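What follows is a single structure, written as structure tokens, with notes after it.
The values are calculated or read from the model by the stated rules, or taken from the named source; none is laboratory data. Only a predicted model underlies this, so the values are computations on that prediction, with no experimental measurement involved. Heads up, the Cβs are rebuilt from the backbone with ideal geometry, glycines too, and the neighbour counts pull from every protein chain shown.
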């Protein structure tokens, strides 16, 4: 069996995964850099976090799967998109291991890895993909050897909007700000009116963020609403926009399936809304849980395998990283 | 005389009568102003065909259904709905009966024989036989210039395609439909 | 019954369900609305009924539907008044989220381009001349698209969902493009918004029609050349370059 080890570190999660050629996930472990309430993660500190944990994580992955490095056929790492310093710190480690172990490297697009992992786990054939995370918000559809972006945010990502609001209301970043907003939102009752901005397939979130920030800081108005109400309203508004856009892409491309991936994709309210949407149009939705939704090493390993089996490897001097790496830049060789 | 069901409101229908050479319009006006008449009397010059009356009638019944009549009753509402103008007085002036009119439409909602008899004895004029008219037969008294003036239809709008009368018809319907929504 | 005005209003029932109308045909279910074809007093009529989105909070849903239906009819009306071919409105029923409008006889521009594409590909049965003709037809229609969008933008209307499925050819004539589905349209004077409108079209166009970069360029050329305000059009296209780049630049991490 061909085994690929995947390395992910484009944001604050450091993940190592080992995946077999039949899609078996042999190992998938993660270490997350968590900052105190009210603080985001800075690139420099995140890179430091990754550097200090990566070797231990690799050793643990091998140990818990009873494998030796000799069993690994290929190393896959995230080339981008992501934060520069964390990406680089992981790439450097991979280059080192590649020379130490004498293994080929495959450079992987992070977004593609999310999509392929989603397809692997759920068995979705040709879904419209709603890719929602701290750094990305895209509605994607496959056609003619490319994952094409049908719609996306024109300003900040949906996860970023949630994270930044979490900082405003000073809630913990553990396990993740989005998760804590989700819990608070369950207790929200009153819908606060927020801007709702979709332009064609594109969405805009920055106006919503500034509007809800202003509201949260307005002591007078906050006599009417609870923090829970704000979380609830924020989720309702953001997710409605996402589901609406995704539905339009499904209608436009004539697709029946939808797959949500990325960190925000494991939000249960979002999944519920997607289910309600597809049931109205006789479609099928696929969701994955936090093990595979949130950034992880296995997804990089699997996407790496798909490229590796088609003969793609990345020469050492090309194993660079890039903060900008469009989903539609990758030539998809492994799909019809 | 022609009777049509109101498509979206089962159980409702209108009957359209067209008169010409009417001699006693002033007397009819007097009756009208007393608010006694159970039908609408409509200036026929800006009406292109029966479709126009039916669309306005549908809208009138719709407003009745939601309890949102803008005017006093369904008959004035019909006239009001024909007009692009949201001013009631203006609308009644342009699309209702005027003293000097010799031709006009009478429209009844769910008309009965007894009412037709009343109309017959009230109007001293000739009822035009519309039995061969279909929904889109051009009203013989249609005044294109007046219609364009009342509905504010400019040359630019009519240039979009070449089928002249159809285009004008569409523009009239469109202008009626957008009433109150701008 | 004396007059209808004195009858009990509650007795009046409108048809809640379009499908209960005789001869109504469901044409499509889009993301926003269902469209039916009915006969309305001898007029071929499209009924566009926005449906309630089960996933959306009812208050939010109502607010959005109400706003969009008004935007839609206002944009349609403004286009029509300015000689841009759009379906004529017949009835607008805001409470039940329905717009009744003129049914347009004709194929979509999307279908038309596919047909041209097929013609140009059938090398065994067609001559080079018909291939050239098919190509010219594609060019012509793209020029017309560019021109008409420029006119719409000149009215400060942003369509919001420009795709080749939202353009019909009245009587299948390529010189007569009818723009439909203004459900996401809005009024704006901003270059940015119009540039994004073009960007939406560009992405939809290039992903729907294979090898269509050249055809899309024709749309852009004509957009500028035939705009009532060429300078403004130029500024919009310059902005479009930025919007394209921004799509790439904005992509961060995660």
Practice prompt. Identify all residues within the range A:261-279 that are buried (at least 24 other Cβ atoms within 10 Å of the Cβ) and more than 10 Å from chain C (Cβ to nearest Cβ); write none if there are none.
Written response: A:261, A:265, A:267
Item to complete: Would you check which residues across the range C:49-91 are part of a strand (DSSP E or B), within 13 Å of chain B (Cβ to nearest Cβ) and under 18 Å from the mean Cα position of the chain (by Cα) and list them?
Response: C:49, C:89, C:90
Worksheet item: Given the conditions (1) within 13 Å of chain B (Cβ to nearest Cβ); (2) closer than 19 Å to residue B:61 by Cβ; (3) in contact with a strand residue (DSSP E or B) (Cβ under 6 Å, 6 or more places away or on another chain), which single one is not true for residue C:97?
Response: (1)
Worksheet entry | Hits in the range A:299-336 (condition: part of a helix (DSSP H, G or I), crowded, with 18+ Cβ neighbours inside 10 Å and touching a helix residue (DSSP H, G or I) at 6+ places or on another chain (Cβ under 7 Å)) | A:299, A:300, A:302, A:303, A:306, A:327
Worksheet item: Which ones in the range C:1-41 are assigned to a loop (DSSP other than H, G, I, E, B), loosely packed, with under 12 Cβ neighbours inside 10 Å and at pLDDT below 70?
Response: C:1, C:2, C:8
Worksheet item: Can you tell me which residue in the range A:225-234 is nearest to residue A:201 (Cα to Cα), limited to those that are more than 10 Å from chain C (Cβ to nearest Cβ) and under 23 Å from the mean Cα position of the chain (by Cα)?
Response: A:234
Worksheet entry | Those residues of the range A:91-111 which are within 14 Å of residue A:5 (Cβ to Cβ) and touching a helix residue (DSSP H, G or I) at 6+ places or on another chain (Cβ under 6 Å), in sequence order | A:93, A:101, A:105, A:106, A:108
Practice prompt. Identify all residues within the range C:125-174 that are within 17 Å of residue C:218 (Cα to Cα), touching a helix residue (DSSP H, G or I) at 6+ places or on another chain (Cβ under 8 Å), part of a helix (DSSP H, G or I) and within 14 Å of another protein chain (Cβ to nearest Cβ); write none if there are none.
Written response: C:144, C:147, C:149, C:164
Item to complete: Report yes if residue A:58 is assigned to a helix (DSSP H, G or I) and touching a residue at least 24 places away in the same chain (Cβ under 8 Å), otherwise no.
Response: yes
Discussion item. Testing residue C:105 on (1) in contact (Cβ under 8 Å) with a residue 40 or more places away in the chain; (2) over 25 Å from residue C:174 (Cα atoms); (3) in a loop (DSSP other than H, G, I, E, B), one condition comes back false. Which one is that?
Written reply: (2)
Item to complete: From (1) under 22 Å from the mean Cα position of the chain (by Cα); (2) at pLDDT 95 or above; (3) assigned to a loop (DSSP other than H, G, I, E, B), pick out the condition that doesn't hold for residue A:67.
Response: (1)
Discussion item. Out of everything in the range B:33-64 that is modelled with pLDDT under 95 and either under 16 Å from residue B:2 (Cβ atoms) or touching a helix residue (DSSP H, G or I) at 6+ places or on another chain (Cβ under 7 Å) (or both), what residue ends up being surrounded by the fewest Cβ atoms within 10 Å (Cβ to Cβ)?
Written reply: B:63
Practice prompt. Find the strands (runs of 3 or more DSSP E) located wholly in the range A:73-174 whose residues include 3 or more that are within 8 Å of chain C (Cβ to nearest Cβ), and list them.
Written response: A:146-152
Discussion item. Can you say whether residue B:6 is under 21 Å from residue B:125 (Cα atoms) and touching a strand residue (DSSP E or B) at 6+ places or on another chain (Cβ under 9 Å), as far as the supplied structure shows?
Written reply: no
Response to the item:
Note on the range C:195-215: residues surrounded by fewer than 19 Cβ atoms within 10 Å (Cβ to Cβ) and either without any contact (Cβ under 8 Å) to a residue 12 or more places away in the chain or closer than 16 Å to residue C:146 by Cα (or both) are C:206, C:211, C:213, C:214
Response to the item:
Cβ pairs under 9 Å, 6+ apart or interchain, first in the range C:13-25 and under 12 Å from residue C:36 (Cα atoms), second at pLDDT below 80, ordered by first then second residue, are C:21/C:15; C:24/C:18
Practice prompt. Hey, can you tell me all the residues within the range B:54-69 that are within 9 Å of another protein chain (Cβ to nearest Cβ) and either within 15 Å of residue B:174 (Cα to Cα) or under 9 Å from the mean Cα position of the chain (by Cα) (or both)?
Written response: B:54, B:55, B:58, B:59
Discussion item. The conditions are (1) at the interface with another protein chain (Cβ under 9 Å from one of its Cβ atoms); (2) assigned to a helix (DSSP H, G or I), and residue B:153 fails exactly one of them. Which is it?
Written reply: (2)
Worksheet item: From the list A:282, A:295, which residue is at the interface with chain C (Cβ under 10 Å from one of its Cβ atoms) and within 24 Å of residue A:13 (Cα to Cα)?
Response: A:295
Response to the item:
Over the range B:5-22, the set of residues assigned to a strand (DSSP E or B) and surrounded by 18 or more Cβ atoms within 10 Å (Cβ to Cβ) is B:14, B:15, B:16, B:17, B:18, B:19
Discussion item. If I ask for residues that are in contact (Cβ under 8 Å) with a residue 24 or more places away in the chain and either buried (at least 22 other Cβ atoms within 10 Å of the Cβ) or not in a helix (DSSP H, G or I) (or both), which ones from the range C:182-194 would you list?
Written reply: C:182, C:183, C:184, C:185, C:186, C:187, C:188, C:189, C:194
Worksheet item: So residue A:279 clears everything in (1) outside any helix (DSSP H, G or I); (2) over 23 Å from the mean Cα position of the chain (by Cα) except one condition, right? Which one?
Response: (1)
Worksheet item: Which is crowded, with 17+ Cβ neighbours inside 10 Å, farther than 29 Å from residue B:24 by Cα and either touching a helix residue (DSSP H, G or I) at 6+ places or on another chain (Cβ under 8 Å) or within 14 Å of chain C (Cβ to nearest Cβ) (or both), of B:173, B:109, B:80, B:95?
Response: B:173
